[in-house]
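**Q** Before we start, here is the structure in question, set down as structure tokens.
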Amino acid sequence: MIQILIDADACPVKDETYKVAARHNISVVVISNSPIRVPRDPLVSRKIVSDAFDAADDWIVEHATSSTVVVTADILLAKRCLDLGATVVAPTGKPFTSSSIGSAIAVRAIMSDLRAGGEIVGGPPPFSNADRSRFLSAMDEALVRLRRQAANQIPSP
């Protein structure tokens, strides 16, 4: 069964995810360390985990499968989910893939070192409407692809 898991703390595309999921009749689980408002919809549920370090990430990894789309900006969580065969989409619409995750982790490490050394100040660029549009497209593509894969796995009568 296809499902969407949202790494919800600071996720700017929760509403967009709900809309795409509703179009495809796919369930969504919103995972966070504190209560987050979710729509009253039988397809949408929330899971509040402890505030322990990586508790939300660990819950997501425990529930991710090859039939799961994970929405996260966390590169290390993306890697863990990809290792399980899950589809991972960043809020900017950038899909994480097994061929791109290595370079993303390397860039993350370099940027962390530069920030620690004071050479770079500030964070990522502001979230834009173009990011939101790319996300909607990437989510739709991911769900269509998973549906096709699931249909091809069902034996014919």
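**Q** Give the stretch 131-157 a look and list any residue that's of a type in the set (Gly, Ala, Ser), modelled with pLDDT under 95 and either surrounded by 10 or more Cβ atoms within 10 Å (Cβ to Cβ) or not in a helix (DSSP H, G or I) (or both), or say none.
**A** Matches in the stretch 131-157: ALA150, SER156.
**Q** Of (1) touching a Lys or Arg at 6+ places or on another chain (Cβ under 8 Å); (2) more than 20 Å from ARG132 (Cβ to Cβ); (3) at pLDDT below 95, ILE36 satisfies all except one. Which?
**A** (2)
**Q** Could you go through the stretch 54-61 and let me know if any residue there is of a type in the set (A, V, I, L, M), assigned to a loop (DSSP other than H, G, I, E, B) and in contact (Cβ under 8 Å) with a residue 24 or more places away in the chain.
**A** The answer is no; no qualifying residue exists.
**Q** Of the conditions (1) free of Cβ contacts under 8 Å to residues at least 24 places away in the same chain; (2) buried (at least 17 other Cβ atoms within 10 Å of the Cβ); (3) more than 21 Å from ARG147 (Cα to Cα), SER50 fails just one. Which one is it?
**A** All conditions are met except number (2).
The values are calculated or read from the model by the stated rules, or taken from the named source; none is laboratory data. Keep in mind it's a predicted model, so treat the numbers as computed, not measured. As a convention, Cβ positions derive from the backbone with ideal geometry for all residues, glycine included, and neighbour counts pool all protein chains shown.
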